[in-house]
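Here is the structure we will look at.
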Amino acid sequence: QVQLVESGGGLVQPGGSLKLSCAASGLAFRYYRVSWYRQAPEKERELVATITTGFVATYTDSVKGRFTIVRDNAKNTVYLQMNSLKPEDTAVYYCNTPDAPRPWGQGTQVTVSS
């Protein structure tokens with residue numbers, strides 16, 4: 001059974017940084033594109049960043065230059081480094097494989113507030 005587990009969230013002040021992790025069991029990330037998504041209160045879930053099997057990364061405009069998605073196939077983990085965080089980045093962050101979606105994990109809460 002495939003399980004996605006997100007971690008690394010927390011409370012951070014504006015301008016701060018966090019590094020999120022997405023680990024998978026029952027699934028080898030190396031064969032899939034992996035994406036990070038987020039869902040803010042009362043908003044739709046949105047795509048934040050994607051990394052291909054060839055390590056090509058793409059980002060939604062609002063996070064370009066601030067967020068970096070990386071993958072470590074040896075650890076079967078995908079990371080999202082988030083810098084220069086803003087209050088509007090506050091959301092629950094999730095990961096998934098967009099080409100073959102899996103059950104959503106519990107997500108990890110990111111709160112940006114002073």
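Numbers at a glance
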quantity: Kirkwood Rh in Å, taken over all unlike Cα pairs in the range 1-108; calculated: 13.8 Å
quantity: At R0 = 25 Å, FRET efficiency that the Cβ-Cβ distance of SER113 and THR58 yields, to 0.05; calculated: 0.35
quantity: Carbon/sulfur fraction of accessible area - the chain, other protein chains in place, 1.4 Å, %; calculated: 49 percent
quantity: Accessible area (Å², per residue) of the chain, counting only protein heavy atoms and a probe of 1.4 Å; calculated: 52 Å²
quantity: Pairwise FRET efficiency - LYS43 versus ASN76, Cβ, R0 = 30 Å, nearest 0.05; calculated: 0.50
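The values are calculated or read from the model by the stated rules, or taken from the named source; none is laboratory data. Note that the structure is predicted; figures quoted are calculated from it, not measured. So basically every Cβ, Gly included, is an ideal-geometry build from the backbone, and we count neighbours across all protein chains shown. Side chains included, ligands, DNA and RNA excluded: accessible areas come from the protein's heavy atoms. Shrake-Rupley method; radii C 1.70, N 1.55, O 1.52, S 1.80 Å.
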